Amino acid sequence: MEQRVEKLLFSRRDTAEVLSLSVRSIDYLITAGRLPMRRVGGKILIPASAIRRFAREDHPEVVRKVSARPSTAAKTKGRAAETAANGFGPRSEAIDISSPLRANGRS
């Protein structure tokens, strides 16, 4: 006679399969604190009770917010502005001598 043992803890992959989500979605839910987990050694395990509770709840919001992708022109313009803002783009040759510079090049 075969006895069946109910699992108490599930791996991220098993949890994803049970909830019909991706492993990445499970990671987002764990990070957001919406799905509790336990560490056992090097493994991340999710309690069966937490999986059942999550499955019973309504989840009107998305797992993670995905921003609308900008058009190619907006991407190029955004990159140029970002490059100028972070200081890794071409620099102008004007030197401001009104304030002394620190070792990191900032006044």
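The values are calculated or read from the model by the stated rules, or taken from the named source; none is laboratory data. Keep in mind the model is a prediction, meaning the values are calculated, not measured. Reconstructed Cβ throughout: ideal geometry from the backbone, glycine too, with neighbour counts over all protein chains shown.
Quick notes on this one:
- Unique residue being modelled with pLDDT of 70 or more and of a type outside the set (Gly, Ala, Ser) when the list is Leu8, Leu101: Leu8
- Within region 18-52, considering residues that are under 13 Å from Leu8 (Cβ atoms) and small (Gly, Ala, Ser), the one surrounded by the fewest Cβ atoms within 10 Å (Cβ to Cβ): Ser49
- If you go through region 1-47 and keep only what is within 19 Å of Pro60 (Cα to Cα), assigned to a helix (DSSP H, G or I) and without any contact (Cβ under 8 Å) to a residue 12 or more places away in the chain, you end up with Ala16, Arg24, Thr31.
- Any hit, region 54-62, residues being hydrophobic (A, V, I, L, M, F, W, C) and either in a loop (DSSP other than H, G, I, E, B) or over 15 Å from Leu9 (Cα atoms) (or both): yes
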